[in-house]
1. Of everything in the stretch 213-233, what is buried (at least 22 other Cβ atoms within 10 Å of the Cβ) and either within 16 Å of ligand 1 (Cβ to nearest atom) or under 18 Å from Ala151 (Cβ atoms) (or both)? Give them in sequence order.
2. For the stretch 331-370, which residues satisfy the criterion of being of a type in the set (Ser, Thr, Tyr) and either in contact with a Pro (Cβ under 6 Å, 6 or more places away or on another chain) or within 16 Å of ligand 2 (Cβ to nearest atom) (or both)?
3. Being in a loop (DSSP other than H, G, I, E, B) and either among the charged types (D, E, K, R) or near ligand 2 (Cβ under 10 Å from one of its atoms) (or both) is true for just one of Asp190, Asp168. Which residue is that?
4. Based on what the data block shows, is Gly156 in a loop (DSSP other than H, G, I, E, B) and either more than 15 Å from ligand 2 (Cβ to nearest atom) or not assigned by TED's automatic domain parsing to the domain that holds Gly321 (or both)?
5. Across the stretch 56-80, what is the number of residues that are buried (at least 18 other Cβ atoms within 10 Å of the Cβ), of a type outside the set (Lys, Arg) and farther than 14 Å from Met14 by Cα?
6. Go through (1) in contact (Cβ under 8 Å) with a residue 60 or more places away in the chain; (2) away from ligand 1 (no atom under 16 Å from the Cβ) and name the single condition Glu165 misses.
7. Suppose we filter the stretch 283-303 for residues that are over 29 Å from Glu369 (Cα atoms) and without any contact (Cβ under 8 Å) to a residue 24 or more places away in the chain; how many remain?
8. Of the conditions (1) more than 18 Å from the chain's Cα centre (by Cα); (2) crowded, with 17+ Cβ neighbours inside 10 Å; (3) of a type in the set (Ser, Thr, Tyr), Thr189 fails just one. Which one is it?
Amino acid sequence: MSEQKRPEPKRLFMETYGCQMNVYDSERMRDVLTPLGYAITEKPDDADLVILNTCHIREKATDKVYSEIGRLRAHKERRAAEGKGMTITIAGCVAQAEGEEIMRRAPEVDLVVGPQAYHKLPELIARASRKMGERLAADFTAQEKFDALPARAPDGVTAFLSIQEGCDKFCTFCVVPYTRGAEYSRPLTDVVAEARALADRGVREITLLGQNVNAYHGVGPRGAASFTELLDALAQVDGIKRIRYTTSHPIEMTDELIAMHGSEAKLMPYLHLPVQSGSDRILKAMNRKHDGAFYRDIITRLRAVRPDIALSTDFIVGFPGEKEREFEETMQLVRDVGFAAAYSFKYSARPGTPAASMLGQVSEEAKTERLNQLLALLSEQQRAFNQAQVERVLPVLVVGNGRKPGQKQGRTPYAQGVHFEDSQAQSGDIVPVRILAATQGSLTGVRQTLTPEAA
Ligand code: 5AD
Ligand code: SF4
(Lines give C-alpha, C1' and ligand atoms only; values in the text may rest on other atoms or scores of the structure.)
(Ligands and ions follow the chains in the order given, each with its own letter.)
Protein backbone atom coordinates (compact mmCIF):
# COMPACT_ATOMS: atom_id res chain seq x y z
CA MET A 1 0.00 0.00 0.00
CA SER A 2 1.50 3.30 -0.97
CA GLU A 3 1.29 6.10 1.53
CA GLN A 4 0.27 9.48 0.22
CA LYS A 5 2.60 12.24 1.27
CA ARG A 6 0.89 15.22 2.86
CA PRO A 7 1.95 18.61 1.53
CA GLU A 8 4.50 20.29 3.80
CA PRO A 9 2.73 22.90 5.95
CA LYS A 10 3.77 26.44 5.24
CA ARG A 11 5.38 28.05 8.25
CA LEU A 12 4.07 31.25 9.76
CA PHE A 13 6.08 33.27 12.26
CA MET A 14 4.14 35.98 14.03
CA GLU A 15 5.29 38.57 16.48
CA THR A 16 2.81 40.71 18.36
CA TYR A 17 3.68 44.04 19.92
CA GLY A 18 1.62 46.36 22.09
CA CYS A 19 -1.89 45.98 23.35
CA GLN A 20 -4.42 43.19 23.79
CA MET A 21 -6.23 44.36 20.65
CA ASN A 22 -3.15 43.27 18.77
CA VAL A 23 -3.10 39.91 20.55
CA TYR A 24 -6.69 39.43 19.40
CA ASP A 25 -5.92 40.59 15.86
CA SER A 26 -2.96 38.20 15.64
CA GLU A 27 -5.23 35.32 16.63
CA ARG A 28 -7.69 36.34 13.94
CA MET A 29 -4.93 36.58 11.32
CA ARG A 30 -3.85 33.08 12.29
CA ASP A 31 -7.48 31.92 11.89
CA VAL A 32 -7.57 33.43 8.38
CA LEU A 33 -4.33 31.72 7.38
CA THR A 34 -4.77 28.26 8.95
CA PRO A 35 -7.15 27.05 6.19
CA LEU A 36 -4.45 27.94 3.66
CA GLY A 37 -2.09 25.43 5.25
CA TYR A 38 -0.06 27.79 7.43
CA ALA A 39 1.14 26.43 10.77
CA ILE A 40 2.77 28.53 13.45
CA THR A 41 6.52 28.27 13.90
CA GLU A 42 8.43 29.79 16.80
CA LYS A 43 11.53 30.25 14.66
CA PRO A 44 11.70 33.19 12.27
CA ASP A 45 14.59 31.60 10.34
CA ASP A 46 12.45 28.83 8.82
CA ALA A 47 9.30 30.86 8.13
CA ASP A 48 7.66 31.12 4.72
CA LEU A 49 5.56 33.98 6.02
CA VAL A 50 6.41 36.47 8.75
CA ILE A 51 3.87 38.85 10.21
CA LEU A 52 4.92 41.58 12.60
CA ASN A 53 1.80 42.96 14.25
CA THR A 54 3.04 46.34 15.31
CA CYS A 55 2.23 49.04 17.84
CA HIS A 56 2.62 52.76 17.29
CA ILE A 57 1.64 54.06 20.71
CA ARG A 58 5.12 54.95 21.91
CA GLU A 59 8.30 55.65 19.99
CA LYS A 60 10.08 52.64 21.49
CA ALA A 61 7.41 50.27 20.20
CA THR A 62 7.81 51.70 16.70
CA ASP A 63 11.63 51.50 16.81
CA LYS A 64 11.41 47.80 17.70
CA VAL A 65 9.72 47.11 14.38
CA TYR A 66 12.57 48.51 12.36
CA SER A 67 15.19 46.59 14.33
CA GLU A 68 13.19 43.38 13.94
CA ILE A 69 12.92 43.95 10.17
CA GLY A 70 16.71 44.33 10.16
CA ARG A 71 17.10 40.91 11.84
CA LEU A 72 14.67 39.29 9.40
CA ARG A 73 16.61 40.59 6.42
CA ALA A 74 19.44 38.12 7.07
CA HIS A 75 17.02 35.17 7.30
CA LYS A 76 15.32 36.25 4.11
CA GLU A 77 18.62 36.48 2.24
CA ARG A 78 19.75 33.05 3.48
CA ARG A 79 16.47 31.45 2.46
CA ALA A 80 16.66 33.12 -0.95
CA ALA A 81 20.12 31.56 -1.43
CA GLU A 82 18.50 28.17 -0.67
CA GLY A 83 15.80 28.85 -3.26
CA LYS A 84 13.10 29.48 -0.63
CA GLY A 85 10.98 32.53 -0.15
CA MET A 86 10.02 34.54 2.91
CA THR A 87 7.14 36.99 2.69
CA ILE A 88 7.60 39.73 5.27
CA THR A 89 4.36 41.42 6.26
CA ILE A 90 3.99 44.41 8.55
CA ALA A 91 0.55 44.64 10.13
CA GLY A 92 -0.93 46.79 12.89
CA CYS A 93 -0.75 50.46 13.73
CA VAL A 94 2.76 51.19 12.42
CA ALA A 95 1.63 49.74 9.09
CA GLN A 96 -1.39 52.01 9.20
CA ALA A 97 0.53 55.14 10.17
CA GLU A 98 3.84 54.69 8.35
CA GLY A 99 3.09 52.22 5.54
CA GLU A 100 4.76 54.21 2.81
CA GLU A 101 7.79 54.99 4.91
CA ILE A 102 8.25 51.31 5.77
CA MET A 103 8.15 50.35 2.10
CA ARG A 104 10.75 53.03 1.37
CA ARG A 105 13.04 52.32 4.33
CA ALA A 106 12.79 48.54 4.25
CA PRO A 107 12.72 47.05 0.74
CA GLU A 108 12.69 43.51 2.17
CA VAL A 109 9.14 44.13 3.38
CA ASP A 110 6.70 42.58 0.89
CA LEU A 111 3.41 43.67 2.34
CA VAL A 112 2.02 46.35 4.62
CA VAL A 113 -1.47 45.79 5.93
CA GLY A 114 -3.53 47.97 8.25
CA PRO A 115 -5.88 46.69 10.99
CA GLN A 116 -9.04 46.89 8.86
CA ALA A 117 -7.75 44.69 6.05
CA TYR A 118 -6.84 41.43 7.81
CA HIS A 119 -9.65 39.50 6.13
CA LYS A 120 -7.91 40.27 2.82
CA LEU A 121 -4.61 38.67 3.90
CA PRO A 122 -4.85 35.49 1.77
CA GLU A 123 -5.13 37.36 -1.52
CA LEU A 124 -2.62 40.02 -0.48
CA ILE A 125 -0.07 37.38 0.47
CA ALA A 126 -0.63 35.49 -2.77
CA ARG A 127 0.02 38.68 -4.70
CA ALA A 128 2.96 39.75 -2.52
CA SER A 129 4.72 36.42 -2.90
CA ARG A 130 4.60 36.94 -6.66
CA LYS A 131 6.94 39.84 -5.85
CA MET A 132 4.52 42.62 -6.37
CA GLY A 133 5.17 44.63 -3.19
CA GLU A 134 1.83 45.80 -1.92
CA ARG A 135 0.40 48.26 0.51
CA LEU A 136 -3.14 48.07 1.72
CA ALA A 137 -4.22 50.01 4.71
CA ALA A 138 -7.39 51.83 5.62
CA ASP A 139 -9.51 51.01 2.61
CA PHE A 140 -11.98 48.85 4.52
CA THR A 141 -14.36 49.44 7.38
CA ALA A 142 -14.24 47.57 10.67
CA GLN A 143 -17.67 46.13 9.88
CA GLU A 144 -16.47 44.65 6.55
CA LYS A 145 -13.54 43.07 8.34
CA PHE A 146 -15.58 41.49 11.14
CA ASP A 147 -18.16 40.19 8.65
CA ALA A 148 -15.49 38.56 6.52
CA LEU A 149 -13.30 36.97 9.20
CA PRO A 150 -13.76 33.20 9.60
CA ALA A 151 -15.10 31.40 12.69
CA ARG A 152 -12.87 31.52 15.73
CA ALA A 153 -10.61 28.63 16.68
CA PRO A 154 -9.74 29.34 20.32
CA ASP A 155 -7.06 27.15 21.82
CA GLY A 156 -7.87 27.61 25.49
CA VAL A 157 -10.58 28.33 28.01
CA THR A 158 -10.03 32.09 27.97
CA ALA A 159 -10.46 34.26 24.91
CA PHE A 160 -10.54 37.87 23.83
CA LEU A 161 -13.62 39.12 22.03
CA SER A 162 -13.36 42.40 20.18
CA ILE A 163 -16.55 44.45 20.48
CA GLN A 164 -15.39 47.96 19.68
CA GLU A 165 -12.56 49.60 17.79
CA GLY A 166 -11.21 53.09 17.43
CA CYS A 167 -11.46 56.15 19.57
CA ASP A 168 -13.09 59.58 19.42
CA LYS A 169 -11.58 60.93 22.65
CA PHE A 170 -8.44 62.54 21.23
CA CYS A 171 -6.27 62.62 24.33
CA THR A 172 -3.54 65.02 23.26
CA PHE A 173 -0.71 62.46 23.69
CA CYS A 174 -2.31 59.58 21.82
CA VAL A 175 -2.06 58.28 18.24
CA VAL A 176 -4.95 55.81 18.51
CA PRO A 177 -7.66 58.11 17.09
CA TYR A 178 -5.42 58.55 14.04
CA THR A 179 -4.25 54.94 13.60
CA ARG A 180 -7.39 53.06 14.61
CA GLY A 181 -9.87 55.68 13.42
CA ALA A 182 -13.28 56.65 14.73
CA GLU A 183 -15.19 54.62 17.30
CA TYR A 184 -17.02 51.65 15.85
CA SER A 185 -19.14 49.17 17.83
CA ARG A 186 -20.05 45.73 16.51
CA PRO A 187 -23.75 44.81 16.42
CA LEU A 188 -24.89 43.18 19.67
CA THR A 189 -26.18 40.02 17.99
CA ASP A 190 -22.80 39.44 16.26
CA VAL A 191 -20.96 39.75 19.55
CA VAL A 192 -23.36 37.40 21.33
CA ALA A 193 -23.13 34.88 18.47
CA GLU A 194 -19.33 34.96 18.70
CA ALA A 195 -19.51 34.45 22.48
CA ARG A 196 -21.82 31.44 21.98
CA ALA A 197 -19.46 29.95 19.42
CA LEU A 198 -16.53 30.45 21.81
CA ALA A 199 -18.48 28.82 24.64
CA ASP A 200 -19.30 25.84 22.38
CA ARG A 201 -15.58 25.42 21.80
CA GLY A 202 -14.84 25.33 25.52
CA VAL A 203 -14.16 28.97 26.35
CA ARG A 204 -15.27 29.85 29.89
CA GLU A 205 -13.88 33.36 30.33
CA ILE A 206 -14.15 36.15 27.80
CA THR A 207 -12.40 39.51 27.88
CA LEU A 208 -14.26 42.08 25.83
CA LEU A 209 -11.87 44.31 23.96
CA GLY A 210 -11.96 47.82 22.59
CA GLN A 211 -9.85 50.95 22.79
CA ASN A 212 -12.86 52.47 24.54
CA VAL A 213 -14.72 49.34 25.39
CA ASN A 214 -17.19 50.89 27.83
CA ALA A 215 -18.16 53.48 25.19
CA TYR A 216 -19.78 50.57 23.32
CA HIS A 217 -22.99 51.62 21.62
CA GLY A 218 -23.98 48.92 19.16
CA VAL A 219 -27.13 48.11 17.32
CA GLY A 220 -29.29 45.63 19.23
CA PRO A 221 -32.43 43.75 18.30
CA ARG A 222 -34.53 46.62 19.71
CA GLY A 223 -32.48 49.56 18.45
CA ALA A 224 -29.44 51.12 20.13
CA ALA A 225 -27.78 48.91 22.74
CA SER A 226 -25.55 50.17 25.53
CA PHE A 227 -22.53 48.44 27.03
CA THR A 228 -24.55 47.22 30.03
CA GLU A 229 -27.20 45.76 27.73
CA LEU A 230 -24.45 43.89 25.93
CA LEU A 231 -23.05 42.64 29.26
CA ASP A 232 -26.55 41.49 30.23
CA ALA A 233 -26.93 39.55 26.99
CA LEU A 234 -23.47 37.99 27.32
CA ALA A 235 -24.10 36.98 30.94
CA GLN A 236 -26.97 34.85 29.64
CA VAL A 237 -24.72 32.79 27.38
CA ASP A 238 -24.47 29.28 28.85
CA GLY A 239 -20.92 28.15 29.29
CA ILE A 240 -19.48 31.64 29.65
CA LYS A 241 -18.78 31.84 33.37
CA ARG A 242 -16.62 34.93 33.60
CA ILE A 243 -16.64 38.26 31.81
CA ARG A 244 -14.00 40.98 31.83
CA TYR A 245 -13.52 44.08 29.70
CA THR A 246 -10.68 46.38 28.75
CA THR A 247 -9.76 49.24 28.15
CA SER A 248 -12.20 51.68 29.69
CA HIS A 249 -12.42 55.43 29.88
CA PRO A 250 -13.50 56.99 33.21
CA ILE A 251 -16.12 59.23 31.59
CA GLU A 252 -17.92 56.16 30.22
CA MET A 253 -18.34 54.53 33.66
CA THR A 254 -22.11 55.00 33.79
CA ASP A 255 -24.21 54.51 36.94
CA GLU A 256 -25.63 51.34 35.35
CA LEU A 257 -22.18 49.92 34.69
CA ILE A 258 -20.96 50.67 38.21
CA ALA A 259 -24.13 49.08 39.65
CA MET A 260 -23.61 46.00 37.50
CA HIS A 261 -20.29 45.34 39.21
CA GLY A 262 -22.32 44.72 42.35
CA SER A 263 -25.14 42.73 40.79
CA GLU A 264 -23.74 40.58 37.96
CA ALA A 265 -21.87 37.59 39.36
CA LYS A 266 -20.23 36.80 36.00
CA LEU A 267 -18.62 40.23 35.87
CA MET A 268 -15.22 39.70 37.47
CA PRO A 269 -14.06 42.00 40.30
CA TYR A 270 -11.22 43.50 38.29
CA LEU A 271 -11.22 46.75 36.36
CA HIS A 272 -8.55 48.38 34.24
CA LEU A 273 -9.39 52.09 34.33
CA PRO A 274 -6.62 54.34 33.03
CA VAL A 275 -6.22 57.61 34.93
CA GLN A 276 -2.91 58.81 33.34
CA SER A 277 -2.20 61.50 35.96
CA GLY A 278 -3.26 62.73 39.39
CA SER A 279 -2.90 66.40 38.49
CA ASP A 280 -6.00 68.26 37.32
CA ARG A 281 -3.95 70.71 35.28
CA ILE A 282 -2.15 67.90 33.47
CA LEU A 283 -5.39 65.96 32.96
CA LYS A 284 -6.85 69.05 31.32
CA ALA A 285 -3.79 69.47 29.07
CA MET A 286 -4.15 65.79 28.18
CA ASN A 287 -7.80 66.43 27.21
CA ARG A 288 -8.83 63.54 29.43
CA LYS A 289 -12.28 65.01 30.14
CA HIS A 290 -12.12 64.02 33.83
CA ASP A 291 -10.29 65.27 36.88
CA GLY A 292 -8.86 63.54 39.92
CA ALA A 293 -12.02 63.99 42.02
CA PHE A 294 -14.16 62.42 39.28
CA TYR A 295 -11.87 59.40 39.14
CA ARG A 296 -11.78 59.00 42.92
CA ASP A 297 -15.57 59.20 43.03
CA ILE A 298 -15.92 56.34 40.52
CA ILE A 299 -13.60 54.22 42.64
CA THR A 300 -15.58 55.01 45.81
CA ARG A 301 -18.82 54.02 44.10
CA LEU A 302 -17.34 50.84 42.63
CA ARG A 303 -16.01 49.83 46.04
CA ALA A 304 -19.40 50.54 47.61
CA VAL A 305 -21.00 47.86 45.41
CA ARG A 306 -17.98 45.55 45.13
CA PRO A 307 -15.60 46.15 48.07
CA ASP A 308 -12.99 43.61 46.91
CA ILE A 309 -12.67 44.94 43.34
CA ALA A 310 -9.08 44.92 42.05
CA LEU A 311 -8.14 48.11 40.26
CA SER A 312 -5.61 48.54 37.53
CA THR A 313 -4.63 51.68 35.64
CA ASP A 314 -2.25 53.41 33.22
CA PHE A 315 0.02 56.35 34.02
CA ILE A 316 2.06 58.67 31.88
CA VAL A 317 4.89 60.52 33.63
CA GLY A 318 6.64 63.57 32.23
CA PHE A 319 3.78 64.85 30.09
CA PRO A 320 4.82 68.27 28.65
CA GLY A 321 4.79 70.90 31.38
CA GLU A 322 4.49 68.39 34.27
CA LYS A 323 6.06 69.97 37.35
CA GLU A 324 7.48 68.05 40.27
CA ARG A 325 4.49 68.98 42.46
CA GLU A 326 2.10 67.78 39.74
CA PHE A 327 3.89 64.46 39.63
CA GLU A 328 3.54 64.38 43.42
CA GLU A 329 -0.24 64.64 42.88
CA THR A 330 -0.03 61.46 40.82
CA MET A 331 1.82 59.75 43.69
CA GLN A 332 -0.88 60.95 46.08
CA LEU A 333 -3.63 59.55 43.88
CA VAL A 334 -1.86 56.18 43.91
CA ARG A 335 -1.65 56.29 47.71
CA ASP A 336 -5.31 57.26 47.99
CA VAL A 337 -6.70 54.67 45.57
CA GLY A 338 -4.45 51.64 46.02
CA PHE A 339 -3.95 49.66 42.80
CA ALA A 340 -3.64 45.91 42.32
CA ALA A 341 -1.82 46.43 39.01
CA ALA A 342 -0.69 49.28 36.78
CA TYR A 343 1.15 50.13 33.59
CA SER A 344 3.32 53.21 33.74
CA PHE A 345 5.02 54.93 30.84
CA LYS A 346 7.33 57.83 30.21
CA TYR A 347 5.64 60.32 27.94
CA SER A 348 6.69 59.71 24.36
CA ALA A 349 6.07 62.45 21.79
CA ARG A 350 4.11 61.03 18.88
CA PRO A 351 4.30 62.89 15.59
CA GLY A 352 1.05 64.60 14.64
CA THR A 353 -0.44 64.62 18.16
CA PRO A 354 -1.08 68.01 19.87
CA ALA A 355 1.13 67.24 22.89
CA ALA A 356 4.17 66.65 20.67
CA SER A 357 4.40 70.38 19.95
CA MET A 358 3.52 71.61 23.46
CA LEU A 359 6.03 73.74 25.33
CA GLY A 360 7.82 72.42 28.39
CA GLN A 361 8.88 68.98 27.19
CA VAL A 362 10.28 67.19 30.26
CA SER A 363 13.87 65.96 30.28
CA GLU A 364 14.59 62.25 29.94
CA GLU A 365 16.31 62.28 33.37
CA ALA A 366 13.26 63.74 35.11
CA LYS A 367 10.99 61.23 33.37
CA THR A 368 13.18 58.32 34.44
CA GLU A 369 13.35 59.58 38.02
CA ARG A 370 9.56 60.00 38.23
CA LEU A 371 8.90 56.65 36.59
CA ASN A 372 11.16 54.88 39.08
CA GLN A 373 9.44 56.51 42.04
CA LEU A 374 6.03 55.62 40.70
CA LEU A 375 7.01 52.04 39.87
CA ALA A 376 8.39 51.52 43.38
CA LEU A 377 5.11 52.60 44.97
CA LEU A 378 2.99 50.59 42.53
CA SER A 379 5.01 47.38 42.98
CA GLU A 380 4.61 47.74 46.73
CA GLN A 381 0.84 48.01 46.26
CA GLN A 382 0.73 45.08 43.87
CA ARG A 383 2.69 42.92 46.29
CA ALA A 384 0.36 43.96 49.13
CA PHE A 385 -2.70 43.13 47.05
CA ASN A 386 -1.38 39.66 46.20
CA GLN A 387 -0.26 39.10 49.79
CA ALA A 388 -3.78 39.90 50.99
CA GLN A 389 -5.04 36.79 49.16
CA VAL A 390 -2.88 34.42 51.25
CA GLU A 391 -5.05 32.05 53.31
CA ARG A 392 -8.15 32.99 51.33
CA VAL A 393 -9.94 30.27 49.36
CA LEU A 394 -10.62 31.64 45.88
CA PRO A 395 -12.60 30.25 42.97
CA VAL A 396 -9.92 29.62 40.36
CA LEU A 397 -10.53 29.00 36.67
CA VAL A 398 -8.24 26.18 35.54
CA VAL A 399 -6.47 27.22 32.34
CA GLY A 400 -3.96 24.37 31.90
CA ASN A 401 -1.28 22.22 33.45
CA GLY A 402 1.34 23.72 35.72
CA ARG A 403 5.10 23.45 35.40
CA LYS A 404 5.33 20.29 37.53
CA PRO A 405 3.28 17.08 37.42
CA GLY A 406 0.22 17.31 39.63
CA GLN A 407 0.20 21.07 39.28
CA LYS A 408 -2.39 23.20 37.51
CA GLN A 409 -2.40 26.77 36.34
CA GLY A 410 -5.36 29.01 36.85
CA ARG A 411 -6.70 32.52 37.16
CA THR A 412 -8.33 34.12 40.19
CA PRO A 413 -11.34 36.46 39.91
CA TYR A 414 -8.83 39.32 40.29
CA ALA A 415 -6.96 38.15 37.16
CA GLN A 416 -3.95 36.91 39.12
CA GLY A 417 -2.15 33.86 37.78
CA VAL A 418 -2.01 30.97 40.25
CA HIS A 419 -0.12 27.67 40.27
CA PHE A 420 -1.70 25.07 42.52
CA GLU A 421 -1.46 21.44 43.53
CA ASP A 422 -4.27 19.39 42.00
CA SER A 423 -4.08 16.41 39.69
CA GLN A 424 -7.78 16.07 38.92
CA ALA A 425 -9.15 19.39 37.77
CA GLN A 426 -9.71 19.88 34.05
CA SER A 427 -9.17 23.04 32.04
CA GLY A 428 -12.34 25.10 32.20
CA ASP A 429 -13.31 23.94 35.71
CA ILE A 430 -13.66 26.54 38.43
CA VAL A 431 -12.26 25.06 41.63
CA PRO A 432 -11.66 26.33 45.17
CA VAL A 433 -7.98 26.99 45.81
CA ARG A 434 -6.43 27.95 49.11
CA ILE A 435 -3.75 30.52 48.45
CA LEU A 436 -0.54 29.66 50.30
CA ALA A 437 1.97 32.22 49.04
CA ALA A 438 2.22 35.31 46.91
CA THR A 439 4.88 37.18 45.00
CA GLN A 440 4.50 40.42 43.10
CA GLY A 441 3.76 38.47 39.93
CA SER A 442 1.72 35.44 40.91
CA LEU A 443 0.22 33.15 43.54
CA THR A 444 0.66 29.55 44.59
CA GLY A 445 -1.93 27.42 46.33
CA VAL A 446 -3.56 24.08 46.87
CA ARG A 447 -6.94 22.72 45.77
CA GLN A 448 -9.56 22.68 48.53
CA THR A 449 -12.59 20.52 48.87
CA LEU A 450 -14.49 23.28 50.63
CA THR A 451 -16.75 25.65 48.74
CA PRO A 452 -14.93 28.82 47.77
CA GLU A 453 -15.78 32.17 49.22
CA ALA A 454 -18.28 33.95 47.06
CA ALA A 455 -16.31 35.98 44.57
N1 5AD B 1 3.43 58.32 25.57
C2 5AD B 1 3.40 57.50 26.63
N3 5AD B 1 2.39 56.68 26.91
C4 5AD B 1 1.32 56.70 26.09
N5 5AD B 1 0.18 56.02 26.12
C6 5AD B 1 -0.57 56.39 25.06
N7 5AD B 1 0.10 57.31 24.33
C8 5AD B 1 1.28 57.52 24.96
C9 5AD B 1 2.37 58.37 24.71
N10 5AD B 1 2.40 59.21 23.66
C11 5AD B 1 -0.19 55.09 27.19
C12 5AD B 1 -1.43 55.57 27.95
C13 5AD B 1 -2.49 54.62 27.47
C14 5AD B 1 -1.67 53.38 27.23
C15 5AD B 1 -2.32 52.36 26.35
O16 5AD B 1 -0.50 53.85 26.62
O17 5AD B 1 -1.20 55.41 29.32
O18 5AD B 1 -3.52 54.42 28.41
FE1 SF4 C 1 -5.84 57.18 23.24
FE2 SF4 C 1 -7.27 58.67 24.96
FE3 SF4 C 1 -8.50 57.23 23.03
FE4 SF4 C 1 -7.36 55.98 25.10
S5 SF4 C 1 -9.11 57.40 25.24
S6 SF4 C 1 -7.20 55.41 22.92
S7 SF4 C 1 -5.58 57.26 25.49
S8 SF4 C 1 -7.13 58.96 22.72
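The values are calculated or read from the model by the stated rules, or taken from the named source; none is laboratory data. Since we're looking at a predicted model, the values are computed, not measured. We place every Cβ from the backbone using ideal geometry, glycine too, and count neighbours over all the protein chains shown.
1. Val213, Asn214
2. The initial filter retains those residues of the stretch 331-370 that are of a type in the set (Ser, Thr, Tyr), namely 343-344, 347-348, 353, 357, 363, 368.
Matches in the stretch 331-370: Tyr343, Ser344, Tyr347, Ser348, Thr353.
3. On the way: Asp190 fails: in a loop (DSSP other than H, G, I, E, B).
Being in a loop (DSSP other than H, G, I, E, B) and either among the charged types (D, E, K, R) or near ligand 2 (Cβ under 10 Å from one of its atoms) (or both) holds for just one of Asp190, Asp168, which is Asp168.
4. So Gly156 passes the test.
5. Residues meeting the conditions: 5.
6. Evaluating Glu165 over (1) in contact (Cβ under 8 Å) with a residue 60 or more places away in the chain; (2) away from ligand 1 (no atom under 16 Å from the Cβ) leaves (2) as the failure.
7. 3
8. That leaves (2) as the condition not met.
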